[in-house]
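Chemist: Sharing a structure below in structure tokens format, with a few things to ask.
The values are calculated or read from the model by the stated rules, or taken from the named source; none is laboratory data. Only a predicted model underlies this, so the values are computations on that prediction, with no experimental measurement involved. Note that each Cβ is placed from the backbone with ideal geometry, even for glycine, and that neighbours are counted across all protein chains shown. To get the accessible areas, we keep the full protein, side chains included, count just its heavy atoms, and leave off ligands, DNA and RNA. Shrake-Rupley method; radii C 1.70, N 1.55, O 1.52, S 1.80 Å.
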Amino acid sequence: MKLLLTIVQDADVGRLQSALSEAGFQLTKLASTGGFLREGNTTLLVGVEDEEVEEVTGIIHDTCRERTRVIPGGSPFHAPEATFAGPPVEVPVGGAIVFVLNVESFQRL
Ligand code: 2BA
């Protein structure tokens, strides 16, 4: 069994959730925040059999889009005290980030 730890943009999560549910997959949805942009995103936990990983990643691939975010440029984005001089920088985000983890055991108690 595998656990797909999947980070998606909030704009994609509704369609992805519907598509996974329609295909019969169970999931858990967590609110999360990206460390770089410091904006909200969504983390889905999807537990599947090994042979289902490809189907799930296919659904994720078909559902989640790459978008760009424009952030102030010219100074370190992480320094709150910085003044943002210089041209803005375009940052690509997504479609989705998927970590495929081995599950040692699955128990429903
Ligand atoms: P954020 O950390 O907010 O990152 C948003 C986007 O900013 C990233 O998109 C990437 O294109 C860019 N980015 C991130 N760190 C950067 C850096 N140090 N320098 C330049 N650009 C940078 P994605 O790669 O599609 O990632 C989307 C979200 O997925 C991330 O949001 C983060 O929440 C998560 N993520 C991505 N890679 C991860 C990893 N290795 N471990 C944990 N979470 C990850």
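Chemist: Equivalent ellipsoid semi-axes for the chain, as square roots of 5 times the alpha carbon gyration tensor eigenvalues: give them largest first, rounded to whole Å.
Modeler: Listed largest to smallest, the semi-axes of the chain are 33, 15, 11 Å.
Chemist: Could you order 90, 55, 22, 39 so the one with the most accessible surface comes first? Probe is 1.4 Å.
Modeler: Result, largest first: 22, 90, 55, 39.
Chemist: Would you mind computing, in nm to one decimal, how far apart the modelled labels at residue 1 and residue 90 are, each placed 7 Å from Cα along Cα→Cβ?
Modeler: 4.3 nm
Chemist: Okay, moving on. Identify, among 88, 107, 20, the residue whose Cα sits farthest towards the positive end of the charge dipole of the chain, taking +1 on the Cβ of Lys and Arg and -1 on the Cβ of Asp and Glu, with the dipole about the Cα centre.
Modeler: Most positive-ward Cα: 88.
Chemist: If you wrap a convex hull around the Cα atoms of the range 1-61, how much volume per residue is inside, in Å³?
Modeler: Residue-normalised Cα hull volume stands at 78 Å³.
Chemist: How far apart, in nm, are the 7 Å Cα→Cβ label points at residue 22 and residue 109?
Modeler: 3.7 nm
Chemist: Just to make sure I understand: if all protein chains stay in place, what is the order of 8, 100 by accessible area at 1.4 Å, largest first?
Modeler: Largest to smallest exposure gives the sequence 100, 8.
Chemist: Something else now. Taking Cα pairs under 8 Å and at least six residues apart, what relative contact order does the chain come out at, in percent?
Modeler: Relative CO of the chain lands at 37 percent.
Chemist: How big is the antiparallel share of DSSP beta bridges in the chain, given as a percent to the nearest 5?
Modeler: 100 percent
Chemist: Okay, moving on. Grab the DSSP H runs of the chain that are 4 residues or longer, score each as -39,500 (n - 2.57), total them, divide by all residues and round the 222 nm result to the nearest 500 deg cm²/dmol.
Modeler: -7000 deg cm²/dmol
Chemist: Using protein chains only and a probe of 1.4 angstrom, how many square angstrom of residue 12 are accessible, to the nearest 10?
Modeler: 0 Å²
Chemist: Let me ask something else about it. Distance from a point 7 Å along Cα→Cβ of residue 102 to each backbone N in the range 42-71: keep the residues under 20 Å and list them by number.
Modeler: Output list for this probe position: 46-54.
Chemist: What does the charge count around residue 24 come to, taking other residues whose C-beta lies under 11 Å from its C-beta (Lys +1, Arg +1, Asp -1, Glu -1)?
Modeler: Counting the neighbours of residue 24, the net charge comes to -3.
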